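Input: a single structure, listed below in structure tokens.
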Amino acid sequence: MAKKYYTESIPDVEKELTTSIANGLTDQEAKNRLAKYGPNALTSKKKESMFMRFIDQFKDFMIIVLIVAAILSGVVAHEWIDAAIIMIVVILNAILGVIQEARSEAAIEALKEMATPDAHVRRGDAIITVPSTELVPGDIVLLEAGDVVPADLRLVKAHSLKIEESALTGESVPVEKSNETLQDGDIALADRLNMAYSNTNVTYGRGEGIVTETGMNTEVGKIATMLNNADETDTPLKQNLNHLGKILTIMILAICVIVFAVGMFTKQGTMPTDKLVIEMFLVAVSLAVAAIPEGLPAIVTIILALGTQTMAKHKALVRKLPAVETLGATDIICSDKTGTLTQNRMTVEKLYYQGNIHDNSEKIEDTNPALLAMILANDTKIENGGDLLGDPTETSLIQYAFDQDIDVDALLNKYKRVQEVPFDSERKLMSTVNQDGNRFFVAVKGAPDELLKRVTSVAINGELSPITDTQRQAILATNRSMAKKALRVLGLAYKRVDQLYDNPTTDNVEQDLIFAGLVGMIDPERPEAKAAVAEAHSAGIRTVMITGDHQTTAQAIAERLGILQPGQDERVLTGAQLDELSDDYFVKHVQDYNVYARVSPEHKVRIVKAWQANDKIVAMTGDGVNDAPSLKQANIGIGMGITGTEVSKGASDMVLADDNFATIVEAVKQGRKVFSNIQKAILYLMSCNVGEVLTVFMMTMLGWDILQPVQLLWINLVTDTLPAIALGVEPVEQGIMKRKPRGKKSNFFSGGVASSIIYQGILEGVLVLGAYQLGLHVGPHINEPALQHGDALTMAFLTLGLIQLFHAINSKHLRQSIFSKGTFVNKWFNGAIIILALVMAGVELPFMTRFFDVTELDGGQWAVVLIAGICMILIVEIVKFCQRKAEKE
């Protein structure tokens, strides 16, 4: 268990780590400890070789089925073209998988690169600079504004020290540090005010600390460990394809056994037993190979790739192809607050002066004392005509003045600073003395309760009067009211004096002040976030907010976004409260909570796992280092492209280029479209394959002439790929975001797809067999049996090919009529069907008939073929109509 140095006194820490604050470690002792503890760097788990990664791609169940099919096609059935196509698809899929895995392992490397290159330490009674990798426990590190904390430190000195820890804790405001010993042993990381953590940033002041942990033992090291140990979560797409592979295997084995057994029984005596065994085995294998949609993995990959292009246009950059489809299955979006739902910048929202609260849009005069106090008691640096550098709280005050069209530079030149009392974390105030003509303007800002202790007067309409208890209570009540709305409140005061102070201190400068007002700031929600949360809710997707901020702030932002309704305090859980809950209890009651405040990286992973234990598909958004483990644990991790760290991006499946929460909702819509389109492609491919299998199976069982391998190969070549890909670029269906999430247990056969495959495949087979039978009784060769059988077989061949192209139109909608508006807006689909229909009909050209062993049909025979295709559309439309009517009832 990690040592809780924040609960120990400075002398105890100094003694425990055998060091000296005054002198630091000796060079020799530092070398000894470096040998003992190792370098202050992050390590990663051993990587697999590229070859082993490539081999791992072939362990997928569907891939194994395809490889077996390729072997049987080539070795047994001698269909080497089929075998080559299957193996090309398998190898391409393996190469894509290796590339995706290599790209997804950048998180730990990014963590390593974040380490600060140098650190200032006290060793042997001297201040020296050493590489941060050489730091050891017991080193005394000096910090100042602009530094990156090089290791975990127990602070021993903190002079106005502020450290920005948002990448680690999620809290947007820099934390004021101290060296005071903390009493409580279970304090959230964000509240450990006497600790400084590796890879956080010093924004203000200076300090010193004893190194307590280095390398993988630091807080950021623990995150690296979680990243290394995180379980790889199977995507719904992978699970669905595995499920499909198992179903196909069962079906294939059943077909082989039935065809072989029935064939041996019905044809016994027609030829020698050994020849019959070989013939029926080849027939069974041919049917099994025909049953496998060998192009499906490639088609799914293409549909996903096209989906990534569409998402990229909407600012969602997909790093891993399966993430496209996973988004469409999302039940829960666990969203980080800072920088994701909010803008990650402090903004003035409310001002209180002259006894009233004013919105930030209301005009304020440049002579208002509250405005002057905000601008003058401020250390923000203004560069390049408007770039603001400094503490986020102070820069927000200057930005407010800019937004009000106040000439800040002119005021700073008019009221030049001549004296100051710097901010101190104990008194929580800052004051400046500024030239004001022949007098001096004292500007004070700080904690309202501390400031009011020094206020003796209040100005009402320009007239000074002593402050009353009633006025004081009204100010404090306003402060509490603003704080409950998650506003960070500062008090503002001023006074005018005739001469400078001999020795400016809080005892003379910050006394007898005139109250100027209160200013309330917040990290505001993104303008589009509320609408995005509402749209997600209408789609049955629950938004859960997770943040390192305080409970009050988190709850207020959640209410403003619509994640919580006002007064739902019981739906807010802090990290400390979460620690008190057992895993079993939390899994059963995780749906009771919408907001988590003051949480650590471990809590985020635990929240994601709890939802996953309830069979929910979880998306996790985040931008900080602390988000990386939960991003990796989630079914889909969504990183922020602008404010996000390289660590969070590396751990993500998808990155938002615009950091816009609304982009997630658009990505969900595109993900649902992708899943729907894959379903359409599967419905089309599988029902066509069922039709092919049924046709050949019945022809074999009835003793009819059988379609030849070259004919079946041509049909597969023409009909299997392009129409399925064209179905993959169908536009988003109306109302797709009004549907509830399909659920983790759903698959590509859900929603009536399985039954549609069966009845549509049977219908296709019946129509082809019917065309064959009609072909025996129509046409110019009725009195020539041999030629008549050739015509009938040709009609069956053409009907099977063209009917599948007709059926592709049926597959554009699972329930909706194809005669509804928008059915034929997909120009790629329309073009593919027309071209392929012409190609299929082209086998009737004289120079093609010999190659495919077909005859030239007359008008009546062609009419039979076309009527069969039209019947395929009409009968499916009638079934859809009955299904829609039944659903309404």
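Observations, loosely collected:
- Charge-dipole axis of the chain as Lys and Arg at +1 and Asp and Glu at -1 on Cβ define it, positive-most pick from 799, 161, 748: 799
- With a Förster radius of 41 Å applied to the beta-carbon distance between residue 265 and residue 818, the computed FRET efficiency rounds to 0.45.
- Per-residue extension of 0.36 nm, minus the Cα-Cα distance of residue 159 and residue 361, leaves a gain of 69.1 nm for this segment.
- Region 670-888: relative contact order as a whole-number percent, Cα under 8 Å and 6+ apart: 28
- For the chain, complete DSSP H runs whose alpha carbons reach 20 Å or more along their own long axis and whose mean Kyte-Doolittle score is -0.5 or higher are 80-104, 236-266, 273-291, 296-313, 661-702, 753-775, 785-810, 827-841, 859-888.
- Per DSSP, loop chymotrypsin sites (Phe, Trp or Tyr not before Pro) in region 538-647 with at most 10 further Cβ within 10 Å: none
- Contact order normalised by residue count of region 352-520, Cα under 8 Å, 6+ apart, percent: 24
- Computed magnitude of the charge dipole of the chain (debye, nearest 20; Cβ of K, R +1, Cβ of D, E -1): 1760
- Nearest-0.05 FRET efficiency for residue 511 and residue 474, computed from C-beta distance (R0 22 Å): 0.50
- Region 770-889: C-alpha gyration tensor shape, a/c 1.5 cut-off, then a/b vs b/c: oblate
- Judged by the gyration tensor of its Cα atoms, with axes a ≥ b ≥ c, region 352-520 is rounded; a/c sits under the 1.5 cut.
- Dipole-positive endmost among 479, 497, 423 within region 352-520 (Cβ charges, Cα centre): 479
- Gain on full stretching of the segment that runs from residue 856 to residue 828 - 0.36 nm per residue minus C-alpha separation: 7.0 nm
- By average C-beta atoms within 10 angstrom, highest first, the peptides 132-144, 410-422, 325-337: 325-337, 132-144, 410-422
- Theoretical gain in end-to-end length, residue 528 to residue 20 [0.36 nm per residue, Cα-Cα removed]: 177.5 nm
- Neighbour-count ranking [beta-carbon atoms within 10 angstrom, fewest first] of 492, 774: 774, 492
- The residue 439 and residue 43 beta-carbon pair, evaluated with R₀ = 51 Å, returns a calculated FRET efficiency of approximately 0.20.
- Between the C-alpha center of region 486-512 and that of region 582-650 there is a gap of 45 Å.
- Residue 425 paired with residue 754, simple spin-label distance in nm, labels 7 Å along Cα-to-beta-carbon: 6.2
- Put a dot 7 Å past the Cα of residue 845, heading toward its Cβ, do the same for residue 456, and the two dots end up 10.5 nm apart.
- Calculated log₁₀ intensity ratio I(q)/I(0) where the Debye formula runs over C-alpha points of the chain, q = 0.06, 0.08, 0.09 Å⁻¹: -0.57, -0.83, -0.96
Quick note: the coordinates plus some simple rules give every number you see, no bench work behind them. As the structure is a computational prediction, the values presented were derived from the model and not from experiment. When we count neighbours, we look across all protein chains shown, and the Cβ atoms used for this are built from the backbone with ideal geometry, even at glycine.
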